[in-house]
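Here the structure comes first, spelled out in structure tokens, and everything after it is commentary.
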Amino acid sequence: MADAATENPLAPPSEAQLERQRQRAYFLWQEDSCPDGRADEYWERARELLAMGDHPGAGLLSAAAGEPAVDEAALQDNLGEFPDRLSDQGEHRATPMTRDAERAWAEQA
């Protein structure tokens with residue numbers, strides 16, 4: 001079998017890889033007390049774990065010469081609403097009231 005680091009991670013799996021995946025899925029299933037109806041979940045988890053182990057550098061980006069490895073975060077403008085004299089700051093009662101109740105509420109405020 002060729003070195004795992006030189007294999008194409010997108011190529012169809014070989015019989016040996018399928019057997020490793022089958023064994024890993026079985027062990028994951030046993031660790032979770034053998035639940036029914038979740039075979040696809042364990043098969044996928046096993047595939048992902050084996051792929052991470054076989055190709056540890058696959059998700060890493062290499063920085064080009066002279067470029068920073070991580071982009072600096074840009075500050076964003078605050079697009080939130082700022083209170084002004086027309087915003088609801090509790091001075092307006094949202095529920096309808098009778099005139100007598102509205103007068104009494106206005107006298108309290």
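Can you pull out the residues in region 22-57 that are exposed (fewer than 11 other Cβ atoms within 10 Å of the Cβ) and either within 18 Å of residue 11 (Cβ to Cβ) or hydroxyl-bearing (Ser, Thr, Tyr) (or both)?
33, 57
Residue 64: of a type in the set (A, V, I, L, M) and at pLDDT below 60, yes or no?
no
The values are calculated or read from the model by the stated rules, or taken from the named source; none is laboratory data. A quick note: this is a predicted structure, and the numbers were derived from the prediction, not measured. Reconstructed Cβ throughout: ideal geometry from the backbone, glycine too, with neighbour counts over all protein chains shown.
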